[in-house]
1. Once label points are set 7 Å from the Cα along Cα→Cβ at both Tyr124 and Tyr39, what is their separation, rounded to one decimal in nm?
2. Answer with one residue from Thr173, His162, Ala183: the one whose Cα lies farthest towards the positive end of the charge dipole of the stretch 149-197, charges on Cβ with Lys, Arg +1 and Asp, Glu -1.
3. For a Förster distance of 35 Å, can you work out the FRET efficiency between the beta-carbons of Ile290 and Ile138, rounded to the nearest 0.05?
4. Using the C-alpha atoms of the chain, what convex hull volume per residue, in cubic angstrom, is computed?
5. Assigning unit charges at the beta carbon (Lys, Arg +1; Asp, Glu -1) and nothing else, what dipole magnitude in debye, to the nearest 20, does the chain show about its Cα centre?
6. Of Thr270, Thr122, how do they rank once you tally other Cβ atoms within 10 Å and put the fewest first?
7. Return the Cα extents of the stretch 210-331 along principal axes one, two and three, sorted largest first, each rounded to a whole Å.
8. Can you put Val92, Val64 in order, fewest other beta carbons within 10 Å first?
Amino acid sequence: MDARKLQAKDQEVLNDLLEKVKVQTELFLGYPVSKDFDYQALADFLKYPMNNLGDPFVTSTYGVGSRELEKEVVQFFAELFRAPADNWWGYVTNGGSEGNLYGLYLARELHPKGMVYYSEATHYSVQKNLHLLNMGNIVIRTQENGEIDYEDLEHTIRMNRHMPVIIMANIGTTMTEARDDVAKIKTILKRLAIQHYYIHADAALSGTYSALIEPRPAFDFEDGADSIAISGHKFFGSPMPCGVVVAKKSNRDRIARSVAYIGSVDTTITGSRNGHSPLFLWHTIKRLGIAGLKARAMHSLATAAYTEEKLKEMGIAAWRNPNAITVNFPTPSAPICKKWQLAAEQGNSHIICMPNVSEAHINLFINDLKAEMILQD
């Protein structure tokens, strides 16, 4: 037997898994993951241990990585999110949750006695991050659409105005894709004369395409954000989870420390970092450009409008937030939820019209709903 090859039974395990992945990928509408990508051109890089150890903007003694391309990726998002031209920094993360952890970490180091405010619709990972960082926090009510309740936020901050304010703003909540208005939050802080504050924007799903639509939602650096995190495997598409966090360099400099062992600076959450992920993001940016990414966003918005209309035609109470690609509706039957991998929360589900979702996909889903309604009659 060739020792370099798997035994037949082990190969069969892989074959079965591959078939399962193919089938499951074909039918999911409930999760914000793009699957319309082809990175075969990058396959040769999988032969090498790509590791972007340490800070991407500082050279390392380990040279097998993609830090030059990573810097281009970070610059792209810094410009997209209107970061200060001479005061931005960032890196490619393992996903949105790490980006949020980094934003909160920066905020804690800048304001050790700060209080974190976030809405009840905030992603579950944020509570975990707050626990890891041991940060005091208060949950704010949401409006019916999932957006933060600004009156409750202002009232709660007023009650604690002796403390620095740290805001975790949602730019696309998990279930309804509601966006918190960063400019409006900044106005509240000014009205209350809060001088010490930090605003982090969790823009995992909506951040990238929100910068490409009109009217442009208020969420980025010019609107008042101090850091922004996005997920790369969502709107862009990637075979592995990844993300990008962009922050003000002046804030990052406050926490940086030199590490002689790697010849770099310890500024990121993890030590070793995936050197392949930046390749996927860089490839998409270069291949599509701003025009291609905008067309991608317009397609998703059009599909979302089509989905909402078709569901309403069936008498289903479907709705979506302005310029959102998430369509909300009452949770259908368990078999349909399982087949189409629909998430459910408090009797509500959603379809997220990622760029790979077409009207044909929606028609198949609608047909399943209609068939079930006929059986019930």
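What follows draws every value from the coordinates through simple rules; no lab data is involved. None of the values given here were measured: they were computed from a predicted structure. Note that we place each Cβ from the backbone using ideal geometry, even for glycine, and neighbour counts take in every protein chain shown.
1. My value for the distance between the label points is 2.6 nm.
2. Working it through, the farthest residue towards the positive pole turns out to be His162.
3. Values: r = 38 Å, r/R0 = 1.10.
About 0.35, to the nearest 0.05.
4. Numbers: hull volume 62.0 nm³, N = 377.
Convex hull of Cα atoms, per residue: 164 Å³.
5. 820
6. Details: Thr270 11, Thr122 24.
Taking fewest neighbouring Cβ atoms as first place, the list is Thr270, Thr122.
7. Ordered largest first, the stretch 210-331 gives principal extents of 64, 32, 32 Å.
8. Numbers: Val92 32, Val64 12.
Going from sparsest to densest Cβ surroundings: Val64, Val92.
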